[in-house]
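Have a look at the structure below before the remarks.
The values are calculated or read from the model by the stated rules, or taken from the named source; none is laboratory data. Given the structure is predicted, the values throughout are model-derived calculations rather than measurements. For neighbour counting, all protein chains shown are included, and Cβ atoms are generated from backbone atoms with ideal geometry for every residue, glycine included. Surface accessibility is based on the protein's heavy atoms, side chains included, excluding ligands, DNA and RNA. Shrake-Rupley method; radii C 1.70, N 1.55, O 1.52, S 1.80 Å.
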Amino acid sequence: MRRRLVALAATTTIMVALAFLIPLAVLVRTLARDRALSAAELEAQSLAPVLALTQDTTALEAAVRATTPGAKGRLTIILPDGTLVGGPTDGGSGGGTGIDDPRERDSLALARQGRSFSAPTRGGIEVLVPVALDADKTAVVRVVVPNSILGRGVASAWAVEAALGITLVTSAVAVADRLARAIVRPVDALADAAVRLGEGDLSVRIAPEGPPEVKQVADAFNRLGDRVGELLEAERELVADLSHRLRTPLTVLRLDAEGLDNPAEARRLADDVDELERAVTGVIRQARKPVQADLVAAETDAAQVAEDRLAFWAPLAEDQERPFELVRVGPEGQEAPLSTTTVAVSPDELEAALDALLGNVFAHTDEGTAFRVELRALTDGGISLAVEDAGPGLSPDFVERGVSGAGGTGLGLDIARRTAEGHGGVFRIGRSAAGGARIAMEFPTTGPPPERSPR
């Protein structure tokens with residue numbers, strides 16, 4: 001933007017300077033020519049008094065040589081009888097006669113009629129001034145003005161004009177650059193602040209400066225930052241309230257489970273309540289975590305998470321007679337142990353995403369439909385964690401938060417997508433080998449799997 005403003009100012013100034021300086025240059029050349037011709041005519045008229053007093057060639061020769069053009073051989077007196085006095089053909093002795101050039105004879109004839117004029121000649125312009133003598137006789141004073149005199153001072157004047165034009169353009173560019181910098185600097189600051197806000201720095205604010213319009217945008221940006229902070233604070237308070245509201249029914253459920261007569265059933269329900277409480281706690285902790293894009297994610301063993309979640313869903317799968325398995329696939333597509341399954345995702349996030357995908361299988365496929373969890377080593381070194389089923393399949397365009405084609409909330413796939421993409425991975429929807437849906441989350445690996453303490 002700054003370069004464009006400077007280029008616009010430079011172009012405009014150059015156009016204006018050319019529109020002004022070109023006519024001025026032509027005018028300077030014309031004035032120099034007119035000045036030289038006027039000076040030559042005055043020199044010729046200065047000899048009129050001498051011609052009125054005498055026509056003696058010696059006296060006239062002296063008068064001619066006393067003038068500046070006469071001394072340089074550029075002034076000639078042509079007497080009525082054709083005698084030439086002065087000029088380069090006289091040789092300083094006076095008394096030369098005759099004009100050989102027909103054009104000069106024509107010009108001389110016009111001048112003898114009492115008309116002063118100028119005409120082009122070889123190497124310049126000649127000025128012819130008639131001088132009336134006695135007995136209706138007319139002498140003509142001829143002054144040759146060479147091109148060097150016609151253009152005297154023009155080159156220096158043009159140089160001054162060029163310097164003036166360059167100075168104007170340079171000054172305009174300097175002023176435009178200063179103004180552009182005053183405009184672009186606050187815009188750049190605003191863009192930088194917007195990037196920082198987008199990265200999670202809710203404390204960023206900018207000082208309004210620059211043109212009034214940019215100041216208005218800066219004020220609006222600061223109000224936006226304040227409003228975002230207020231909304232996040234309100235959301236965190238709401239989540240805090242939710243935590244208290246959920247813990248009471250969870251406590252009641254735990255007491256009810258402990259009061260069952262069947263110890264095995266009581267233990268199973270207590271484990272389910274613990275799992276639910278752990279999930280609620282993870283959601284609350286995630287929601288209340290400061291929004292920062294540069295937080296370092298925890299490292300998680302994806303294989304261990306897959307085993308744990310399959311163990312959690314196994315009782316329900318057995319009740320619905322659903323065959324399931326966990327497979328590990330190498331980069332070439334063959335089943336093989338993987339060198340590393342550690343991904344840069346927190347355990348809670350990865351478990352929530354995998355639970356969402358497994359929950360979709362149970363919610364949207366018929367009982368008895370087989371499924372499997374696949375851990376695949378990618379050729380670029382990453383890990384793909386996929387859930388495949390033998391159901392009716394799913395369109396790749398199905399992921400839309402809050403919308404579900406099967407009566408659900410539409411959040412499960414979006415949770416998995418955000419988990420994958422939020423940690424530098426890829427989310428893919430495709431067809432499984434059995435013809436059903438294949439939902440895959442691809443993550444970059446971080447190294448060997450960490451030791452995981454038992455729960």
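A few notes on this one:
- Net charge of the neighbourhood of residue 357, taken over other residues with C-beta under 14 Å away and scored Lys/Arg +1, Asp/Glu -1, is -2.
- Volume in Å³ per residue [convex hull over Cα atoms, computed for segment 1-61]: 73 Å³
- FRET efficiency estimate (nearest 0.05) - Cβ-Cβ, residue 307 to residue 268, R0 22 angstrom: 0.70
- Distance in nm between pseudo-label sites at residue 8 and residue 147 (7 Å out along the Cβ direction from Cα): 4.6 nm
- Looking at the chain, the accessible area is 57 square angstrom per residue; that uses a 1.4 Å probe and ignores ligands, DNA and RNA.
- Ranked by the mean number of other Cβ atoms within 10 Å of their residues, highest first, the peptides 299-305, 51-57 come out as 299-305, 51-57.
- Principal-axis tilt of helix 154-198 within the chain, Cα atoms, nearest 10 degrees: 10 degrees
- Degrees, to the nearest 10: 212-258 long Cα axis against longest axis of the chain: 0 degrees
- FRET E, pair residue 236, residue 426, Förster distance 22 Å, beta-carbon r, rounded to 0.05: 0.10
- Taking all pairs of distinct alpha-carbon atoms in segment 186-275, Kirkwood radius in angstrom: 17.0 Å
- Cα centre as origin, Lys/Arg/Asp/Glu Cβ charges: the chain dipole, Debye: 3500 debye
- Sum of side-chain charges, residue 175 neighbourhood, beta-carbon under 14 Å (Lys, Arg +1; Asp, Glu -1): +2
- Projected label distance in nm at residue 326 and residue 228, using a 7 Å step from Cα toward the beta-carbon: 3.9 nm
- Per atom type, the chain shows carbon and sulfur on 57% of its accessible surface, probed at 1.4 Å.
- Read-out Kirkwood radius over Cα pairs in Å, derived from the coordinates shown; its label in (i) 29.5; (ii) 24.1; (iii) 32.4: (iii)
- In degrees, nearest ten, helix 412-421 long axis to first principal axis of the chain (Cα): 50 degrees
- Using the average count of surrounding beta-carbon atoms within 10 Å as a protection proxy, the listed peptides 66-75, 8-17 rank, highest first, as 66-75, 8-17.
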